[in-house]
1. Kindly indicate which of THR223, THR172 is more than 16 Å from ligand 1 (Cβ to nearest atom), modelled with pLDDT of 95 or more, crowded, with 17+ Cβ neighbours inside 10 Å and farther than 30 Å from ARG301 by Cβ.
2. Please indicate, with yes or no, whether at least one residue in segment 335-345 is among the small types (Gly, Ala, Ser), touching a Pro at 6+ places or on another chain (Cβ under 7 Å) and on the phi > 0 side of the Ramachandran plot.
3. Residues to consider are SER120, SER160; find the one that is over 19 Å from the mean Cα position of the chain (by Cα) and away from ligand 1 (no atom under 16 Å from the Cβ).
4. Here are some conditions: (1) surrounded by 14 or more Cβ atoms within 10 Å (Cβ to Cβ); (2) at pLDDT 95 or above. THR181 meets all but one. Which one does it not meet?
5. For residues that are within 16 Å of ligand 2 (Cβ to nearest atom) and over 14 Å from PRO191 (Cα atoms), tally how many sit in segment 287-307.
6. Among the residues of segment 335-351, count how many are under 19 Å from HIS385 (Cα atoms), crowded, with 24+ Cβ neighbours inside 10 Å and either within 13 Å of ligand 1 (Cβ to nearest atom) or of a type outside the set (A, V, I, L, M, F, W, C) (or both).
7. I need every pair where a residue in segment 365-389 that is more than 20 Å from SER330 (Cβ to Cβ) has its Cβ under 7 Å from the Cβ of a residue that is of a type in the set (Asp, Glu) and modelled with pLDDT under 90, sequence separation at least 6 or different chains.
8. Kindly indicate the residue of segment 365-395 that is polar (S, T, N, Q) and crowded, with 17+ Cβ neighbours inside 10 Å and also farthest from ligand 1 (Cβ to nearest atom) among those meeting that condition.
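The values are calculated or read from the model by the stated rules, or taken from the named source; none is laboratory data. Values in this document were obtained by computation on a predicted structure and should not be read as measured data. FYI the Cβ positions are ideal-geometry reconstructions off the backbone, even for glycines, and counts take in every protein chain you see.
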Amino acid sequence: MVLFSVVTVFADDVADNQDSEGQTGYPGETTGDNTSLQTTIQDISDDDSARQYRQSPVITGPDAEKCRTRLVLLGTTGGVSWWPETNRTSSSSALVVGDRIYLIDMGQGSASRISEEFNSGSFVDSPGGRIEDGSSTFLENVKALFFTHLHQDHTADYPSLLLIGPGAGMGTYTDPSTNKTVIDPLKVIGPCNRGELDADMTNFTSRGGEVIYTDSADPDQITPTPGIRQMTNIIWQAYAQTINDITLDDGYPDFRSLIEVREIGGTGSGDIPLPVSVPDPNNGTCPAMDPFEVYQDDQVRVTATLVDHHQVYPSFAYRFDTDDGSVVFSGDTGPNTSGNLQKLADGADILVHEVIDKAWIEQKFGTPVPGSQMDALKTHMLESHTANDLVGQVATECHVNTLVLNHIVPGNTPDAHLMEAKANFTGDLIIGEDLMRIGLGSQE
Ligand SMILES: [Zn+2]
Ligand SMILES: [Zn+2]
């Protein structure tokens, strides 16, 4: 089903975003070499009162699978829980472009969802039934994994990928000319060390609680807030016995060689500088900024910005621009991102945005004692997530025509509550479900 294929007019100002060649991109970006990956603005009126974007067709239902570029929602809930009476797993999505797969987050349950969606295998007949022809290497197609932030409902199945992935082609490809397997590390892109421990909003330490620190002989590696590189290294260490065993006994490669970590805001080799200064994340996590590039290959260009998921820092939204259109993932965020999400998502074809049900927050927390753990948690829910009656306004400000709700909290909330996202949004609303496919652009 084609939801729409139209040119949409928005009242906004794009004149400042034109470069010397008249091409248009985000503020601060160069566009000269990437015009095919940019959302094309077909007409700019002289008085800046109208703005037209080329919108790509957004295709749902069975035809979505035929699209060269498609979004696959792998896990559509969040939170530190398994919600009853729903099959939603935690936050994870895939963007498929041709035979490439790009993953965004890996919450609990997502490792199985990835296999359900992409692991078709290759079978041959044998007496008594089909058997697999060798073993599946479906993860060869996964080229990059992006973490929005390091909460566990976005990362809990990362260890599963690291530990089981080497048996399914992770970080390798098969050279068609020789049929030999070559290492091509999976790029893992995500947050750096927070830099400072969260403020103690629940009086945890004054009540005798002890904060967890990493353990290292190197004082520089001892921290209560490790980034994605240190997290990855510690996962290798935690599972050293099994990794060493199957490397020494079964001929697997060095698992570490299959992954290439690039921290956003880190200072290590290959890291991606964060083009804004956040000297103290306990005094604000989301200063206004322009989007910046974090990844590019011949199929996608990925840009990012900070969003507001305090006290988590850094927390990113990502935009994927392809020849078939553009998709933005909000990550976890409150509704006020200092305009950052609006800049990143401006005119994208699809905005995949988190949502939390306000009625559930009131039902669960009521009026908690000020300063209590419940009070802190309620504040986090209201300020660091986006309620169902506010997310539509955000989508409108982002000038997108399709809003896809994911990270639906609670995972079992009724659709009628989620439909409140239509408030202040006149575009197409899609309530995300696990393993839902949404095509973009032309069908193959
Ligand atoms: Zn989350
Ligand atoms: Zn979160």
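1. THR223
2. Yes: one or more hits.
3. SER120
4. (2)
5. The qualifying residues number 0.
6. Number satisfying all stated conditions: 2.
7. Listed pairs, sorted by first residue: PRO368/ASP375; VAL369/ASP375.
8. Across segment 365-395, the extreme among qualifying residues is ASN388.
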